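What follows is a short report on a single structure.
What follows is calculated from the coordinates using simple rules that are stated; it is not laboratory data. Predicted model, so just to flag it, every value in this text is computed and none were measured. In this analysis, Cβ positions are derived from the backbone assuming ideal geometry, glycine residues included, and neighbour counts consider all displayed protein chains.
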């Protein structure tokens, strides 16, 4: 069973976890990238992070160290907002 979160737009929905830059993309409408673990365990909305956060993780030897996590600032989104943020990236990718 997944965690739930209450969203002002979408009501009660699945809790998802993303980097602060993906959250910001909801306001700006600008694609910032959308990375997720290769093995998401069948989760249709796995944890996600942007290009910049991916580079920080890579610079930390591919590990989510304390320094990398401080940069990422993991934020909770509801499933509907997650889908909207991913759609921003998909639209830019298709262009």
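Quick rundown of the values:
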{"quantity": "Relative contact order for the chain, counting Cα pairs under 8 Å that sit 6 or more residues apart, in percent", "calculated": "38"}
{"quantity": "Paramagnetic reach from residue 51 (point 7 Å along Cα→Cβ, amide N under 15 Å) across region 58-95", "calculated": "88-95"}
{"quantity": "Amide N of region 57-77 lying under 20 Å from the label point, which is placed 7 angstrom from the Cα of residue 38 along Cα→Cβ", "calculated": "57-65"}
{"quantity": "Length added when fully stretched, residue 30-residue 65, from 0.36 nm per residue minus Cα-Cα", "calculated": "9.9 nm"}
{"quantity": "Prolate/oblate/rounded call for region 4-94, Cα gyration tensor, a/c under 1.5 rounded", "calculated": "prolate"}
